[in-house]
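Take a look at the structure set out below.
Derivation of every value follows stated rules applied to the coordinates shown; laboratory data play no part. Worth saying up front: this structure is predicted, and the values here are computed from it rather than measured. All Cβ positions, even for glycine, are placed from backbone atoms using ideal geometry, and neighbour counts span all protein chains on display.
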Amino acid sequence: MTDEHRRLRDQVHEFAREEIAPRVARMERAGTHAERDLAALMGTLGWIGVLVPREYGGMGAGHVAKTILIEHTAYVSGAAGAILQASLIPALALQYLGTPEQQDEWLPQIADGLWSTIAVTEPEHGSDVLGMTSSARRNQDGSWVLNGHKTFIGNSDIAGLHLVIARTGEVGSTERASAVEPDRSRGRRSLSAFLVEADRRGVCVEPQPFTGLHGFSAGDLRLREVHVPAANLLGGEEGTGLVAAYGASVVCGRLNLAALALGLHQRLRDETVAFVTKRPRKGGYLSDKPVVRRRLAEIESALMNSELAIYHSSALLDSGVPCDPALINAKLTAKRAAALAAQEAADLFGGYAVRADYPFARLDRDIRHVAAPAGPDDVQLLRLGEEAAGVPREIQWSLLFTGDPKTAREVALSA
């Protein structure tokens, strides 16, 4: 960490103590909802512009700084960390794939606190991006009409801008049969990305109930005959959809979720240690027992491995080093580590693990929400297995989304 990183960490700690912590109990009581006040406060700090270049008014601080922000907000509230991380993904896609005009219009607004979403997942297709049915048809004047149904859209309720992935080409049987490694002659060009303002007619957000991350919205987005101008087609041409969805997810989404899991894991470790060191047991404390210390060691070791994987990957990205496997492993390691810690902690908390007035229940629920976004464990293992087996990759997303944005646009629009 640099001195700037340490100053940023201190700023997050102060904000978390003064603004996030006092809201946590109320957020939990409210259940599923969109925490607008907290989002507005984080927006005014410019944190959602952490990766946005300074010439657009952003922080331009890099991925290590981004990890610090997510980790230390999530330590106090998983929902706060989730709110912050979700809107960094579409911002990165716009930064690397947008036209200069689109970047000039939207990146300063994002740096100034405009929340956005990336709308990819559909109810019937999940992570099968090439199977999506949301569509966009072109009018004679060059404008577009979008129709579709997206689900699990992070920050759906607070966003002023949606980056919507929709089909502009035909669905081919070769695409459906080879979603893991799609036919490049058809798959990539069949999807495009559109910048859709939240207040456009036909855009409807439907909140959905969740068991955890109370304060974070991840509802459904319905598009019914939504008209957008030609200028809102990301990159100015058809075909950016798949690269926007995959690239931003691999480079930003997986690492973001890993940082979220890390913050929750650290809080779980600290709460568990505090519990067992104060819990009387036969003339001493629960923490005096060797079996308890062994469980604490499991939690600590998993935390250390997670932290190393995440910050190593973040530093590689900031150095412009291709590191797709490291990013995939960071998400896999962090999720598994947090889940392991939750299981060990549950046994140590005993009956108190299900008490609503103890922090374990909230942390356990929030950790479970890290599993599916950006791909569950099976997806990460599949990719790492392909890497180990030497399966050639046409694109290193980490190189594409840390290099020259012009190159990213060229790759996205190539056949």
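Listing for the model above:
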| quantity | calculated |
| --- | --- |
| Gly154 long-range amide H proximity, modeled H, under 5 Å | Ile118 |
| Alpha-carbon centroids, the stretch 117-133 and the stretch 15-75: separation in whole Å | 27 |
| The chain, helix-only ellipticity at 222 nm - DSSP H runs n ≥ 4, -39,500 (n - 2.57), divided by all residues, nearest 500 | -15500 deg cm²/dmol |
| Rounded to whole Hz, the Karplus (6.51, -1.76, 1.60) HN-Hα couplings of the stretch 336-347, x for glycine and proline | 5, 5, 5, 5, 4, 4, 5, 5, 4, 5, 4, 5 |
| Whole-Hz couplings from phi, Karplus 6.51/-1.76/1.60, listed for the stretch 193-198; x for Gly and Pro | 10, 10, 8, 10, 5, 5 |
| Kirkwood-Stokes translational diffusion coefficient of the stretch 244-413, alpha-carbon pairs, 25 °C, 0.890 mPa s, µm²/s | 141 |
| Cα-based Lys pair tally, the chain, threshold under 25 Å, eight or more apart or on separate chains | 6 |
| The stretch 354-414-the stretch 275-305 distance, computed between alpha-carbon centres (Å) | 32 |
| Amide H within-cut-off set for Trp115, under 5 Å, with H built and near neighbours excluded | Gly160 |
| Hydrodynamic radius of the chain per Kirkwood, over alpha carbon pairs, in Å | 21.8 |
| Arg36 versus Gln343: modelled label distance in nm, points set 7 Å from Cα along the beta carbon direction | 4.2 |
| Pairwise label distance in nanometres, Arg281 with Met304, each label 7 Å out on the Cα-Cβ vector | 2.2 |
